[in-house]
Amino acid sequence: MTSDVMTRPAVLILLGPPGAGKGTQARVLEEKFGLVQLSTGDLLRAAVAAGTEAGKAAKAVMAAGGLVSDEIVINILRDRLAEPDCAKGVILDGFPRTTVQAEALDVLLGETGQKINAAISLEVDDAAMVTRISGRYTCGGCGEGYHDSFKQPVSAGTCDKCGSSEMTRREDDNAETVASRLEAYHAQTAPLIAYYNGKGALQTIDAMGEIETISGGLAKIVTDVTS
Ligand code: ADP
């Protein structure tokens, strides 16, 4: 790929603890800007479901709320980034989560002449994350996210987007695992805020408000950093 600055596909990173709304907002940005959402959590869950070697190695770590090894995650991300649809530009949701992953991403993007437009930190209160995560569920048909208290479908049990009535809850969305996931975030992922600040790529947004308000703020940031 050539590295013409004007035609470079966008690379956006969403940073934030579990429950901050990265997945929800990534889906909104995907639709609005025609980008591709890359969630390493989703890719890993697919690997677990498919019973691949990577999936087998990741399963127990994910169930305990720890981080899967950098090697596995970087390989999965590298393969996915090489697929043709990613040429439209990507929103990374849940990657990088360690400094090793961030450095690997810099190398990967360097190989194709791409650069990170922004790493956007979703700022939230930890205390609220447990409630958010404990009540969330997803449409099995299209992946739309819902919440028992904050975002119910218009017709109970039926997805607003695709009409499916197959709703799923993640195995790791329980109070004990959430505590480990928050701990992993603060110990291993939060340092990336300083990493991207040092590169002049950091943007922050208050992510405690209404989903639509946050989406609006994010859209402004994305427009600014991609124009
Ligand atoms: P959340 O951000 O709500 O915790 P994800 O779907 O992003 O949810 O991740 C679920 C789990 O998948 C994590 O707890 C972790 O075990 C694993 N995982 C996802 N992305 C990564 C990553 N980049 N590095 C290591 N482990 C990851």
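The values are calculated or read from the model by the stated rules, or taken from the named source; none is laboratory data. The structure presented is a predicted model; accordingly, all values stated were derived computationally and were not measured. FYI the Cβ positions are ideal-geometry reconstructions off the backbone, even for glycines, and counts take in every protein chain you see. Remember, those area values only see protein heavy atoms, side chains included, never the ligands or the DNA or RNA. Shrake-Rupley method; radii C 1.70, N 1.55, O 1.52, S 1.80 Å.
In table form, for the structure just shown:
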quantity	calculated
Answer from 90, 100, 73 - the residue that is more than 22 Å from residue 222 (Cβ to Cβ) and either buried (at least 16 other Cβ atoms within 10 Å of the Cβ) or in contact with a Gly (Cβ under 6 Å, 6 or more places away or on another chain) (or both)	73
Qualifying residues in the range 97-113 (those that are at pLDDT below 95 and in a loop (DSSP other than H, G, I, E, B)) - the one nearest to the ligand (Cβ to nearest atom)	112
Count of the range 20-51 residues which are of a type outside the set (Asp, Glu), within 11 Å of the ligand (Cβ to nearest atom), open to solvent by 40 Å² or more (accessible area, probe 1.4 Å) and under 23 Å from residue 150 (Cα atoms)	1
Matching option when the condition is under 26 Å from residue 105 (Cα atoms) and touching a Phe, Trp or Tyr at 6+ places or on another chain (Cβ under 6 Å), among 218, 202	202
Subset of the range 44-78 (residues that are among the β-branched types (Val, Ile, Thr), out of contact with any helix residue (DSSP H, G or I) (no Cβ under 7 Å at 6 or more places or on another chain) and in a helix (DSSP H, G or I))	61
Failed condition for residue 179, given (1) under 23 Å from residue 135 (Cα atoms); (2) in contact with a helix residue (DSSP H, G or I) (Cβ under 7 Å, 6 or more places away or on another chain); (3) surrounded by fewer than 15 Cβ atoms within 10 Å (Cβ to Cβ)	(2)
One residue from 177, 158, 189 being within 13 Å of the ligand (Cβ to nearest atom) and at pLDDT 95 or above	189
Cβ pairs under 6 Å, 6+ apart, first in the range 198-212 and within 15 Å of residue 125 (Cβ to Cβ), second of a type in the set (S, T, N, Q)	204/121
Complete set of residues in the range 145-175 that are hydroxyl-bearing (Ser, Thr, Tyr), touching a residue at least 24 places away in the same chain (Cβ under 8 Å) and part of a loop (DSSP other than H, G, I, E, B)	164
Some residue of the range 191-208 being of a type in the set (A, V, I, L, M), open to solvent by 60 Å² or more (accessible area, probe 1.4 Å) and in contact with a helix residue (DSSP H, G or I) (Cβ under 8 Å, 6 or more places away or on another chain)	yes
Qualifying residue in the range 16-30 (condition: over 27 Å from residue 134 (Cβ atoms) and of a type in the set (Asp, Glu))	no
